[in-house]
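The structure under discussion appears below in the form of structure tokens.
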């Protein structure tokens with residue numbers, strides 16, 4: 001587990017550093033990101049890229065040597081997916097950047113699962129799917145708040161391209177899909193009633209906030225959903241841990 005965490009931290013840090021190097025021309029035009037090391041001029045884009053590559057290579061080595069080659073493969077896939085496919089292609093070209101690109105952020109459970117077991121199972125895919133469907137409502141809520149920043153930087157986020165009304169509706173739709181997917185661990189027999197109770201409780205709260213965004217749509221409702229979405233995944237995964245610790 002320790003080596004998985006170290007390899008995961010290195011992979012996330014490497015992908016993030018490469019992202020900062022590639023996105024510096026966008027970040028400088030956004031208030032939320034303009035103070036990052038590269039756009040603020042504290043670090044050059046070249047230095048950030050080299051640092052990111054070094055961390056990424058180290059992550060692959062650590063995972064390959066101390067866990068499993070399959071975990072190293074998924075870490076490599078996640079780095080390429082995020083640092084190149086999402087950052088350089090999707091983010092700048094389509095409003096579906098968050099939908100398709102969400103796969104990059106959903107890969108870590110596959111890394112962790114294969115690091116421990118050496119293989120992929122249906123439960124690992126379900127973990128991937130939960131994060132995949134969580135990503136759009138989480139980031140679209142942020143995009144609603146920061147849509148002027150995205151418009152100024154030329155990033156085609158959904159609120160910029162389709163407007164606030166469509167974005168609020170899509171948040172509700174993807175939130176419902178996410179909650180439904182979060183119940184799959186029980187359906188496939190991997191979790192019991194303890195997790196089910198937690199998933200329903202946390203999911204209903206998420207849906208309440210998503211409904212408020214759709215029906216009311218003011219800044220308070222949007223910020224409420226965004227802030228709760230930061231906590232939601234931790235709560236769901238904590239419910240999984242509690243389920244296994246109590247019932248084995």
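The values are calculated or read from the model by the stated rules, or taken from the named source; none is laboratory data. What you see is a predicted model, and the numbers here were worked out from it, not measured in a lab. Methodologically, a virtual Cβ is constructed for each residue, glycine included, from the backbone with ideal geometry; neighbour enumeration extends over all protein chains shown.
Before moving on, here are some points about what is shown:
- Scanning the stretch 87-98 for residues being without any contact (Cβ under 8 Å) to a residue 60 or more places away in the chain and either in a helix (DSSP H, G or I) or not assigned by TED's automatic domain parsing to the domain that holds residue 48 (or both) gives a total of 2.
- Selection count, the stretch 118-129, where residues are without any contact (Cβ under 8 Å) to a residue 24 or more places away in the chain, more than 18 Å from residue 76 (Cα to Cα) and assigned to a helix (DSSP H, G or I): 1
- Helices (runs of 4 or more DSSP H) lying entirely in the stretch 130-182 (those with 3 or more residues that are in contact (Cβ under 8 Å) with a residue 60 or more places away in the chain and over 17 Å from the mean Cα position of the chain (by Cα)): 147-153, 158-162
Table: residues versus (1) closer than 27 Å to residue 25 by Cα; (2) crowded, with 17+ Cβ neighbours inside 10 Å; (3) at pLDDT 95 or above.
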{"site": "139", "(1), (2), (3)": "yes, yes, yes"}
{"site": "155", "(1), (2), (3)": "yes, yes, no"}
{"site": "166", "(1), (2), (3)": "no, no, yes"}
{"site": "188", "(1), (2), (3)": "no, no, yes"}
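- The condition of being under 20 Å from the mean Cα position of the chain (by Cα) and either within 30 Å of residue 133 (Cβ to Cβ) or in a helix (DSSP H, G or I) (or both) holds for only one of 61, 79, 50, that being 79.
- Each residue in the stretch 17-44 was checked for being assigned to a helix (DSSP H, G or I) and surrounded by 17 or more Cβ atoms within 10 Å (Cβ to Cβ), and 9 of them qualify.
- Checking residue 61 against (1) without any contact (Cβ under 8 Å) to a residue 40 or more places away in the chain; (2) farther than 14 Å from residue 8 by Cα, the condition it does not meet: (2)
- Output for the stretch 3-16, where each listed residue is more than 17 Å from the chain's Cα centre (by Cα) and either modelled with pLDDT under 90 or crowded, with 20+ Cβ neighbours inside 10 Å (or both): 4, 7
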